[in-house]
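The values are calculated or read from the model by the stated rules, or taken from the named source; none is laboratory data. Computed from a predicted structure; not experimentally measured. Cβ atoms come from the backbone with ideal geometry, glycine included; neighbour counts cover every protein chain shown. Accessible surface is based on the protein model in full, side chains and every heavy atom, while ligands, DNA and RNA are left aside. Shrake-Rupley method; radii C 1.70, N 1.55, O 1.52, S 1.80 Å.
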Amino acid sequence: MLDLSGRRIICLGDVMLDRFLYGDASRLSPEAPVPVVRLKRTQSMAGGAGNVARNIQALGGEAALIALAGQDAEGQEISGLLGEAGHLLRSAARRTTVKLRVIAARQQVVRVDEEERRDADAAEEAAIADRLAALLPGAQALILSDYGKGVLTPRVLEAAIAAANAQGIPVLADPKGRDFTRYAGATCLTPNASELAEATGMPVATDAECEAAARAVLAAVPVEAVLATRSEKGMMLVRRDAPAVAVPAMAREVFDVSGAGDTVIATLALGVAAGLSLEGAMRAANAAAGVVVAKLGTATCSAAELDHAMRELDGATGEILTWPAAQRLVQSWHEQGLRVGFANGCFDILHAGHTRMLRAARAECDRLVVALNDDASVRRLKGETRPVNPLEDRAAVIAALASVDAVIAFPQDTPLEAILALRPDRLFKGSDYTIEQVVGAPEVASWGGRTVLLDLLPGRSTTSILARGR
């Protein structure tokens, strides 16, 4: 497992308040051809550079964010959201940027921005330099998160990059605008494809075009590398005097790309701080980006989710999660408000009855964990001739199913201890059981969950298949 914990990252840039209004929309307004959204819940979080800091923390790192905010209620709210990670410089002359998004049926309906774009004045630039000088010693990377709101002026950028270089601290910059020379001296720039095209005036649609545009940046700007993020096309890392390295995007259903760039640069910085090459850090950042685009809102990727995604990239999803790793993964799903299901069994020979049941189970939840009896447990329950397939093979086959999100094993004769450890929201069993017969049903009900009995496919069972084989 990639360990990014404890790495201290300084983030300097534009912070904003992201507000989300979630509701349902089932009719159009009689006043105008717009949907009427019935509000269900609201959520606020630190956005922009604040979301970079949130991603660092979610991955186990230590973040310190330097940014400007107004002496207004919104600035105070951001300060509270950031906690100890926030090192905000508050100004009565500045208005805090707020982005309000209205979301219905997992779709963004409208975004409303309240902002004032003003470059930091001389006093604010001096205050930023002083704060950075106090926080930079001992840091393992500096992130420059530029949203074009005025914090990263040319003087601030020059001073920050020089200070980091003097201490041997890598600098990762998420650039904005057409003039990338402002980031001279940085270790790596992370523009998205449209930003790269804007800065160079070159096409970036194909791999060759993207590489050519990145090399044009390298020819004009003294930085070590350009990492271009390309949405569904993945990422490309281009270094001086080295072949370009590209990685494909992870296959995900994309719900919201808000903040994906923040996740990329946070993961990249943590990877570099942990001793990874830029290529290795890019691989981790690509996996993390695949996680967040499948979520709504300005999302983050947890350490457990990153571990799971990287194993998926390696084709190692057949690996059996340890119980602590599974607990962390389930906890991260619960924190996202996802409904977690749990199914168990020997799954000795995977057949149509199994796949039908697991598809039906996954339709009842957002994530599905399958717990397998280990080989000794199967022998105790089924006899010395079982299991037909060993645990590692059974896990690899089960994990390959699209309906399964994680696999664990348990050595006991019943899955009760695993259920208590993971605390799923849904417990699944075949309809040949009654609720009273299902191990763990009372416990799941005690924390507000529910047991669901699933229809079986007639004539499809491991016992009947083995009997026919004889």
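Brief remarks on what is shown
- Count of segment 182-196 residues which are touching a residue at least 24 places away in the same chain (Cβ under 8 Å) and either under 26 Å from the mean Cα position of the chain (by Cα) or open to solvent by less than 10 Å² (accessible area, probe 1.4 Å) (or both): 10
- Residues of segment 1-34 that turn out to be more than 30 Å from ASP146 (Cβ to Cβ) and open to solvent by less than 60 Å² (accessible area, probe 1.4 Å), as a count: 4
- Remark: pairs (first residue in segment 197-212, more than 17 Å from GLY234 (Cα to Cα) and free of Cβ contacts under 8 Å to residues at least 40 places away in the same chain; second residue part of a loop (DSSP other than H, G, I, E, B) and among the charged types (D, E, K, R); Cβ separation under 8 Å; 6+ apart in sequence or on different chains) = GLU198/ARG178; ALA199/ARG178; ALA199/ASP179.
- From ALA228, ALA212, ALA246, ALA251, residue being modelled with pLDDT of 95 or more and open to solvent by 10 Å² or more (accessible area, probe 1.4 Å): ALA212
- Matching helices (runs of 4 or more DSSP H) fully within segment 314-404 where at least 1 residues are touching a residue at least 40 places away in the same chain (Cβ under 8 Å) and either open to solvent by 60 Å² or more (accessible area, probe 1.4 Å) or more than 17 Å from GLU417 (Cα to Cα) (or both): 323-335, 352-363, 391-399
- Every residue from segment 158-170 that is closer than 14 Å to VAL221 by Cα and in contact with a strand residue (DSSP E or B) (Cβ under 7 Å, 6 or more places away or on another chain): ILE161
- Being under 20 Å from ALA260 (Cβ atoms) and in contact with a Gly (Cβ under 6 Å, 6 or more places away or on another chain) is a description that does not apply to ASN55.
- Count of residues meeting criterion [farther than 30 Å from SER29 by Cα and surrounded by fewer than 16 Cβ atoms within 10 Å (Cβ to Cβ)] in segment 100-126: 8
- Among (1) small (Gly, Ala, Ser); (2) touching a Pro at 6+ places or on another chain (Cβ under 8 Å); (3) without any contact (Cβ under 8 Å) to a residue 12 or more places away in the chain, the one test that ALA164 misses: (3)
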